[in-house]
Amino acid sequence: MERSSFFNSVDGDRRYKAENWAEYFAAIIGNGVFPVPSTGLQVVAGTGTNVIVRPGMAWINGYFYINDSELILPLPTADGVYRRIDRVVVRWDLTYRSITARIKSSAPSSAPTPPPLQRDADAYEIALADITVAAGATSISQSAITDRRLNTDLCGIVAGVVQQIDPTAITAQFDAFFAEYKPLIEAGYSRYTADIIAYYALYRQNAVGEYNDYAAFLASYERDGDAAFAAFLQWLEDYKATSAADFQTWFDTIREILDEDTAGHILQLIEALEESQPTATIGTVEHALGRYPDCALYKVDYAAGVGGAGEGGAGGGNIITVPAEFSLDGFERVTVKTTAPFAAHTTSYQIAEGLYSFVAPGGTSSLILIMR
């Protein structure tokens with residue numbers, strides 16, 4: 001159906017309703033608040049838990065709203081346990097044929113969300129501000145109020161029918177917010193900086209003290225070490241001089257009293273002493289005892305009519321302890337070193353666990369190694 005407006009009525013043939021005019025204006029003016037002045041319909045904190053809607057104008061669905069004085073809106077009593085969010089809205093209500101400002105509250109919660117806006121055929125709401133109401137609050141600070149006028153989804157600014165948009169009020173709100181929180185941030189930063197400086201000073205003091213103690217210890221250790229080394233060198237010199245003098249005295253004395261036979265006897269004793277030292281390695285055996293064993297080496301003469309001890313594990317005659325030196329290689333191997341007379345006993349046999357024999361080719365005795 002085609003429609004047009006607006007024309008003069010002739011004998012009542014052109015009659016128009018309010019919604020016709022609203023439809024007309026809604027086509028050229030969008031919903032929202034008028035931005036001049038910048039404080040138009042701004043929500044600010046009042047006394048106690050009251051908030052104030054400043055004078056201003058709004059446009060909703062082609063209908064005009066004006067508030068020509070500061071409008072005081074009391075907030076509901078705060079919950080004693082949880083927070084909530086109150087939303088200040090301007091409500092276009094077709095049922096009551098009015099546009100008014102009012103408060104909508106969310107349910108108290110530990111994480112509350114703003115109440116939704118009603119926008120249907122009967123009512124249409126635009127949000128001016130959201131207010132965080134703390135548990136048990138008896139007053140509202142400006143920092144608890146979030147301006148929603150510039151949010152096009154919740155409210156928006158009427159544009160196109162004004163010369164300019166004035167951002168002074170919203171800028172002032174941000175300035176007030178930062179002015180309130182800036183000292184808190186600076187104080188926290190100052191405390192943090194002071195803590196860091198104090199910690200560094202304490203650490204530096206402790207580090208310097210510990211370094212000085214360590215340096216003093218090193219210095220004393222160096223002095224004591226130098227003194228001990230000097231004393232040791234002096235002892236060596238004194239011992240060398242004393243020993244040389246004593247030996248020379250002994251040698252001069254013994255040279256006068258020794259005859260040729262005595263000297264020969266001493267030589268034999270020296271040779272016998274050399275023969276008693278373990279200098280000949282006769283072999284290495286492996287064992288499974290799983291530990292470092294105690295070792296002993298014995299000489300066993302072959303018994304007449306009985307197999308050699310090295311081969312058959314039997315023997316007889318004299319059993320004597322043989323001087324030996326044992327090198328233990330971990331928990332698995334033992335290297336046997338004995339005196340020169342037994343250097344040829346290099347063929348080894350295992351008689352039992354921890355029991356081995358060493359024989360010489362064509363020999364008449366065996367060396368028995370016992371490990372415990």
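The values are calculated or read from the model by the stated rules, or taken from the named source; none is laboratory data. These numbers were taken from a predicted model, which means no experiment stands behind them. When we count neighbours, we look across all protein chains shown, and the Cβ atoms used for this are built from the backbone with ideal geometry, even at glycine.
Annotations for the structure displayed:
- I72 being within 26 Å of P114 (Cβ to Cβ) and in contact with an Asp or Glu (Cβ under 7 Å, 6 or more places away or on another chain): no
- Breaking point among (1) modelled with pLDDT of 80 or more; (2) not in a helix (DSSP H, G or I), for L236: (2)
- The single condition from (1) surrounded by 11 or more Cβ atoms within 10 Å (Cβ to Cβ); (2) assigned to a loop (DSSP other than H, G, I, E, B) that F174 fails is (2).
- Under the condition of being under 16 Å from T281 (Cα atoms) and of a type in the set (D, E, K, R), the residues counted in segment 328-361 number 3.
- Selected residue (criterion: surrounded by the fewest Cβ atoms within 10 Å (Cβ to Cβ)) from residues of segment 101-119 that are more than 24 Å from G136 (Cα to Cα) and in contact (Cβ under 8 Å) with a residue 12 or more places away in the chain: Q118
- Remark: T242 matches the filter, which requires a residue to be β-branched (V, I, T), surrounded by 10 or more Cβ atoms within 10 Å (Cβ to Cβ), in a helix (DSSP H, G or I) and modelled with pLDDT of 80 or more.
Matching residues to (1) in a strand (DSSP E or B); (2) without any contact (Cβ under 8 Å) to a residue 12 or more places away in the chain; (3) exposed (fewer than 10 other Cβ atoms within 10 Å of the Cβ):
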residue	(1), (2), (3)
M1	no, yes, yes
F7	no, yes, yes
V10	no, yes, yes
R14	no, yes, no
W21	no, no, no
G30	no, no, no
S38	no, no, no
L41	no, no, no
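- Residue in segment 88-100 that is in the same structural domain as V33 (by TED's automatic domain parsing), more than 16 Å from W59 (Cα to Cα) and part of a loop (DSSP other than H, G, I, E, B) present: yes
- Residue within segment 211-234 that is within 41 Å of the chain's Cα centre (by Cα) and surrounded by 13 or more Cβ atoms within 10 Å (Cβ to Cβ) present: no
- Residue check: D79 meets all listed conditions (1) surrounded by fewer than 19 Cβ atoms within 10 Å (Cβ to Cβ); (2) charged (D, E, K, R); (3) touching an Asp or Glu at 6+ places or on another chain (Cβ under 7 Å) but one, namely (3).
- Only residues that are within 18 Å of I126 (Cβ to Cβ) and either loosely packed, with under 15 Cβ neighbours inside 10 Å or of a type in the set (S, T, N, Q) (or both) were counted across segment 53-70, and they come to 4.
- Residue that is surrounded by the fewest Cβ atoms within 10 Å (Cβ to Cβ) [pool: residues in segment 120-140 that are within 53 Å of the chain's Cα centre (by Cα) and part of a loop (DSSP other than H, G, I, E, B)]: T138
- Meets criteria (out of contact with any strand residue (DSSP E or B) (no Cβ under 8 Å at 6 or more places or on another chain), within 22 Å of Q173 (Cβ to Cβ), free of Cβ contacts under 8 Å to residues at least 60 places away in the same chain and assigned to a loop (DSSP other than H, G, I, E, B)) for S69: yes
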